[in-house]
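The values are calculated or read from the model by the stated rules, or taken from the named source; none is laboratory data. Keep in mind that what you see is a predicted model, and the values were worked out from it rather than measured. Reconstructed Cβ throughout: ideal geometry from the backbone, glycine too, with neighbour counts over all protein chains shown.
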Amino acid sequence: MASSSNPVSQETSYRTMNDQDDATLTGKHCQLEYCNQIDFLPFICQSCNKTFCQEHRIEDSHKCTNPGAWARRRREAELAKASIGTQEYTVKLRIVAVNTLKKTAKGDEKLALDKRVYISVEAEAATAKAKFPKGAFFYSKDWVIGRVLDAAAKSLQVENVNNQSSSENDKLRVFHVEGGRLLEFNEKVGTALVSGNTIVLLRGVGPPPDLIDL
């Protein structure tokens, strides 16, 4: 069996002792109470870290005091590795999405690059009729959502009577897809959105829930 000093990487609950454990390797006594046999190729249990002979190297055979610990550590390491891989994949997808937006997004070319937030904008067909159902735009992170709504409605050619009607049935609202909520008109773009996000223009859905509660 190949030796290793990394318990997580092992396929079994035990490993052979190597030079890192004992430079002299003059032999070790099996730590099972009634055995005590000296073994020149001893095994270390990766759950309880005690030394055993070949006959008692398995957890069940030496009545391990910490059974399954090695398996739990290995599983946790695998889950952590998978999580890191998923996060890296998500980040890569986000970078690709943002780069795609940047190639087609329209906005004020005078706006400094570090002030731009690149957004996909859609008009929900059932509530907001638009000449152009969707588009890619960039807005200043210093803008408020109300200004974004006005600009997006103009770009998609959606009727916008927010400043003319007091009826919520006529008003447009901005829904943030990734955040899963309606945005307040006075929220800052740089606080509510990040490049790569999608917003949808909706009509007649009423104000955000927290306004209703007030």
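Structure above, values below:
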quantity: Among the candidates LEU113, LEU201, LEU183, residue that is of a type in the set (A, V, I, L, M, F, W, C) and in contact (Cβ under 8 Å) with a residue 40 or more places away in the chain; calculated: LEU201
quantity: Check on SER155, assigned to a helix (DSSP H, G or I) and under 24 Å from VAL96 (Cβ atoms); calculated: yes
quantity: Some residue of the range 40-54 being in a helix (DSSP H, G or I), touching a strand residue (DSSP E or B) at 6+ places or on another chain (Cβ under 9 Å) and of a type outside the set (Val, Ile, Thr); calculated: yes
quantity: Filter pass, SER3 being surrounded by 12 or more Cβ atoms within 10 Å (Cβ to Cβ), assigned to a loop (DSSP other than H, G, I, E, B), within 42 Å of the chain's Cα centre (by Cα) and at pLDDT 75 or above; calculated: no
quantity: Residue list for the range 6-27, filter: of a type in the set (S, T, N, Q), under 22 Å from ARG75 (Cβ atoms) and at pLDDT 55 or above; calculated: THR12, SER13
quantity: Scan of the range 108-163 for residues that are crowded, with 19+ Cβ neighbours inside 10 Å, over 32 Å from the mean Cα position of the chain (by Cα) and of a type in the set (Val, Ile, Thr), ordered by number; calculated: VAL158
quantity: Output for the range 121-166, where each listed residue is in contact with a Phe, Trp or Tyr (Cβ under 7 Å, 6 or more places away or on another chain) and of a type in the set (Phe, Trp, Tyr); calculated: PHE138
quantity: Qualifying positions in the range 93-119 - under 17 Å from GLY190 (Cβ atoms), in a loop (DSSP other than H, G, I, E, B) and of a type outside the set (Gly, Ala, Ser); calculated: ASP108, LEU111
quantity: Of all residues in the range 28-40 being surrounded by 13 or more Cβ atoms within 10 Å (Cβ to Cβ) and modelled with pLDDT under 85, the one that is nearest to LYS63 (Cα to Cα); calculated: GLN37
